[in-house]
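Read through the structure below, which is laid out as structure tokens, and then see the notes.
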Amino acid sequence: MTDSLRCGVVTVVAGVALLCAAAAQAQPKRLPSTLLPLEPLWSTSLPGAPAAAPVHEGGRIFVALRDGSISAVNLADGSVVWQVAHQGVGQPAVGGGLLYVASRNELHGLDTTTGQSRWSISIEAPLSAPLVWNVGGWLIAVLETQTLLALRPESGETIWRQTMSGDISVGPSLAADRMYVSLDSGHVVALALMTGDTVWKKRLEGTPSQILPLDDLFVGATDNNFYRLSLLDGSIKWVWRTGGDVVGLPAVDEKRVFFSSRDNILWALDRKSGVQQWRRPLSARPTGGPSHVGDLLVLGGTSQYLTFFNPVTGVPYAQIPVSSELAFPPLSLATAADGPLLITVTGDGQLRALGHATGPKQILLATAIPAEADEAHDFVVPAPPTEDGADVGQVAAVEEATAVEEVVAVEEVVAVEQVVVVEDATDVADAPNVAAAAYDTTSVISAPEDVEPVEPPVVRPSVGGEYAIQVGAFSNGANATGLVDRLIEEGYPAYVFMPRPGDEPAIHSVRIGDYPDRSAASAVGRQLEDEAELDWFVVSLP
């Protein structure tokens, strides 16, 4: 009886093994990325630190600087074409041969060729959100008086003005004959583009971020939710719960929507159903949403690295170091095959263009991503660049052209428990609050045996507030990462504060949040003590 049972078990196990082997064999091999490797095409030192993210048009990049000037840089070689003194405030816009910049009481249209003013108008208050231009011939300005101005880009003439019922901090989104506005009060408002009249209004529980208008509206909010809203009336199609505020504009492909949240997670959801496709913990706090570049997603943050991900599986493909900490998310360009694909700008004013490498394929530099460490994002990158940036092109590209035999395909896993479909809901309060799931789609990648392990980079996160909560300090980085993963799952914006090179002992501190004052940090600390039974103390941030 026992022998028969043992034989049956062995037969079943063998059958399962054969089925798994057949399934793995049947899976098509992924092609290597068509984007990587990348190399630096040029690097330019701007006259000052950047005040806003770069914008581009007509083969030029335009950067507003903190000293009030604006620099125009040639996209082909990085040379400074012109520079004008202008007391600009906020994010400029560009389009139709004009660069649109605002001071506290004026709005200007500058010729992109020369930097000379083509027109200027007075405005009664400073801007509260970035200027918006679109190819349909609209220039939208948002004032601190809760006023929207629709202007003719070629002349600055006012077409209509509309006073809203709340402050506006992010730029409106234009699509077809509608404008979609995010109010700080939590409302999403659809306006008729031709007249400024309200078409519908929908209130969310948090302040919505910038809206991506497609077949429906995709938007995140400070209530830690990401939404798909109906174009027709703003009703909620589905909502996905995150562990932190959603950051910036989402990105999409035909099947998925991608976004990042301040609990240091990059998400991919099914566009139609809202079901999670994968999630990826990030090694740095995101400052914007991901972008598509070629066949990969790219994301920057408060770090010295650009990180690339496979949009289908979420597997990290590479990290590219930059000279110092990024000031803004990378600018993605659609150019010729031999031109720049990405523009980065750092806080010290280094502007750099990356394009396809012209030399031979790079060797595989990444070490293994063990399954148990994959959640912690423990993949290895090259050493930081030298001062002249000469080795920026040494990308840790995980390319199956060189190691396809080492890649073990893992079947896609999706979490269906969390998504809340509320087609008929009139308010987000109608949807139940469901706990976040934590399933990933991952691949296990092994490096060739002759690749020596490389020490992971030292990343010292830079955050916006003055204080944080410290809940642990470890000599073992893996232990610190494990605690961070646990805290993120519980909804806390945790991260590892890495030691400086040469620190003895090298301590990995686990911290939570960036808070404006000690009392705000202490309030979260007391909550953490009750809920997670952890000791804590408040620290000042660098």
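Inter-label distance, GLU254 to HIS292: 1.0 nm, where each label sits 7 Å from its Cα along the C-beta direction. Taking square-rooted eigenvalues a ≥ b ≥ c of the alpha carbon gyration tensor, is the stretch 95-178 rounded, prolate or oblate, where a/c under 1.5 means rounded and, failing that, a/b exceeding b/c means prolate? It is oblate, given that a/c is not under 1.5 and a/b is not larger than b/c.
Could you list PHE309, PHE474 so that the one with the fewest beta carbons within 10 Å of its beta carbon is first and the one with the most is last? Walk me through the numbers before you get to the answer.
Values: PHE309 22, PHE474 17.
Listing PHE309, PHE474 from fewest to most nearby Cβ atoms yields PHE474, PHE309.
Listing VAL199, VAL239, VAL257 from fewest to most neighbouring C-beta atoms within 10 Å gives VAL199, VAL257, VAL239. Cα gyration tensor of the stretch 467-540, axes a ≥ b ≥ c as square roots of the eigenvalues: rounded (a/c below 1.5), prolate (a/b > b/c) or oblate? Taking the square roots of the gyration eigenvalues as a ≥ b ≥ c, the stretch 467-540 is oblate. In plain terms, the residue of ASP270, ASP111, ASP535, ASP263 with the fewest other Cβ atoms within 10 Å comes first and the most crowded comes last, giving ASP535, ASP111, ASP270, ASP263.
Its Cα centre serving as origin, the stretch 467-540 has a Cβ charge dipole (Lys and Arg +1, Asp and Glu -1) of approximately 240 debye. Annotation for the stretch 198-270: trypsin sites (Lys or Arg not before Pro) lying in DSSP loop with at most 16 further Cβ atoms inside 10 Å of their Cβ are LYS255.
Each reported figure results from applying straightforward, stated rules to the coordinates on display, with no laboratory input. Small disclaimer: the values here were computed from a predicted structure and weren't measured. Glycine also receives a Cβ, built like all others from the backbone with ideal geometry; neighbour counts cover every protein chain displayed.
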